[in-house]
Amino acid sequence: MDYGIFSLKGKTALVTGGYRGIGKAVAMGLAQAGADIILWDLLDAASTAQEIAQATGVKAAAFVCDVTDPKAVEETMGRSAQVTGSLDILFNNAGIGPHKDALEVTPEEWRKVLDVNLNGIFYVATAFARYLEANNKGGSVINTASMSGLIVNVPQRQASYNASKAAVIHLTKTLAVEWVQKGIRVNCISPGYIATDLISQVREDWRQQWTDMIPFGRMGRPEELAGAVIYLASSAASYTSGCNIVIDGCYSVL
């Protein structure tokens with residue numbers, strides 16, 4: 001398929017949290033736009049990489065990496081670049097989202113959410129930027145934030161998640177300004193409720209309440225996030241940085 005100015009042919013995209021869900025769906029979309037794919041996850045995503053390669057004809061590989069470990073991130077970044085010879089796009093997507101009343105969250109639980117959702121985003125983004133700078137390249141970083149960084153969700157309690165995603169949005173804007181002269185664009189997407197395998201494990205009454213509150217009358221599909229990421233990754237977005245695209249079926253508009 002010819003994506004024109006949205007084409008990613010000749011580019012390589014690194015996707016964290018790429019084993020399943022949003023990461024897998026967006027990686028497939030990036031591959032359909034022509035990008036070779038590198039997947040990172042705590043789980044072995046080799047089968048996902050193989051599925052993407054077979055479906056799209058691009059090159060795809062997978063690495064196990066803990067994004068909360070800066071040393072592992074740096075080492076895996078180097079190994080990833082060696083596989084394809086180049087890295088151009090980062091979809092910085094790994095994250096967790098526990099539901100727990102703030103008064104019951106332990107310090108260890110609070111730190112874990114911030115470590116994955118915020119520190120992990122920072123470690124991967126900065127390692128990617130160092131790689132680009134060392135190779136005299138520009139590139140595109142797309143972080144996964146959330147509408148939860150803009151609103152307070154109900155009926156579930158998730159202060160740690162909301163706080164971490166609000167921080168990701170502002171981190172995105174900060175890095176966009178800091179790196180603009182390096183030719184590195186930094187943007188984020190803020191999904192609403194997306195129907196993934198993880199969402200299907202949430203209480204049914206909560207899922208029904210969420211759906212009732214969405215003007216679209218349904219949750220989003222993971223693949224419905226891919227278009228925004230493709231845009232932000234492509235030359236079509238050459239003047240777009242520091243942007244947060246909210247994709248939530250109008251939930252946060254009300």
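The values are calculated or read from the model by the stated rules, or taken from the named source; none is laboratory data. All values derive from a computational prediction rather than experimental measurement. Note that we place each Cβ from the backbone using ideal geometry, even for glycine, and neighbour counts take in every protein chain shown. With ligands, DNA and RNA removed, areas are computed over all heavy atoms of the protein, side chains included. Shrake-Rupley method; radii C 1.70, N 1.55, O 1.52, S 1.80 Å.
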Scanning the stretch 89-108 for residues that are aliphatic (A, V, I, L, M) and either surrounded by 15 or more Cβ atoms within 10 Å (Cβ to Cβ) or in contact (Cβ under 8 Å) with a residue 12 or more places away in the chain (or both) gives Ile89, Leu90, Ala94, Ile96, Ala102, Val105
With the first residue restricted to the stretch 130-141 and required to be more than 19 Å from Tyr231 (Cα to Cα), and the second required to be assigned to a helix (DSSP H, G or I), Cβ contacts under 7 Å at 6 or more apart or on different chains are Tyr131/Met77; Tyr131/Ala81; Glu133/Lys182
Those residues of the stretch 227-237 that are of a type in the set (A, V, I, L, M) and open to solvent by 10 Å² or more (accessible area, probe 1.4 Å) come to a total of 4
When every residue in the stretch 60-88 that is under 24 Å from Tyr231 (Cα atoms) and touching a Phe, Trp or Tyr at 6+ places or on another chain (Cβ under 9 Å) is compared, the one most open to solvent (accessible area, probe 1.4 Å) is Ala62
Restricted to the stretch 6-29 and to residues being assigned to a loop (DSSP other than H, G, I, E, B) and of a type in the set (Gly, Ala, Ser), the residue nearest to Gln50 (Cα to Cα) is Gly18
Reported set for the stretch 115-139 where residues are of a type in the set (Gly, Ala, Ser) and over 12 Å from the mean Cα position of the chain (by Cα) is Ala127, Ala129, Ala134, Gly138, Gly139
Picking from Gly4, Gly57, Gly18, the residue that is open to solvent by less than 20 Å² (accessible area, probe 1.4 Å) and not acidic (Asp, Glu) would be Gly18
Regarding the stretch 113-129, can at least one residue be identified that is more than 27 Å from Lys182 (Cα to Cα) and open to solvent by less than 70 Å² (accessible area, probe 1.4 Å)? yes
All-but-one check, Asn162 against (1) surrounded by 19 or more Cβ atoms within 10 Å (Cβ to Cβ); (2) touching a residue at least 40 places away in the same chain (Cβ under 8 Å); (3) farther than 22 Å from Pro70 by Cα, failing number (2)
Restricted to the stretch 142-151 and to residues being part of a loop (DSSP other than H, G, I, E, B) and in contact (Cβ under 8 Å) with a residue 60 or more places away in the chain, the residue most open to solvent (accessible area, probe 1.4 Å) is Leu150
If we keep only residues of the stretch 175-199 that are in contact with a helix residue (DSSP H, G or I) (Cβ under 8 Å, 6 or more places away or on another chain) and part of a helix (DSSP H, G or I), then the residue nearest to Pro98 (Cα to Cα) is Ile199
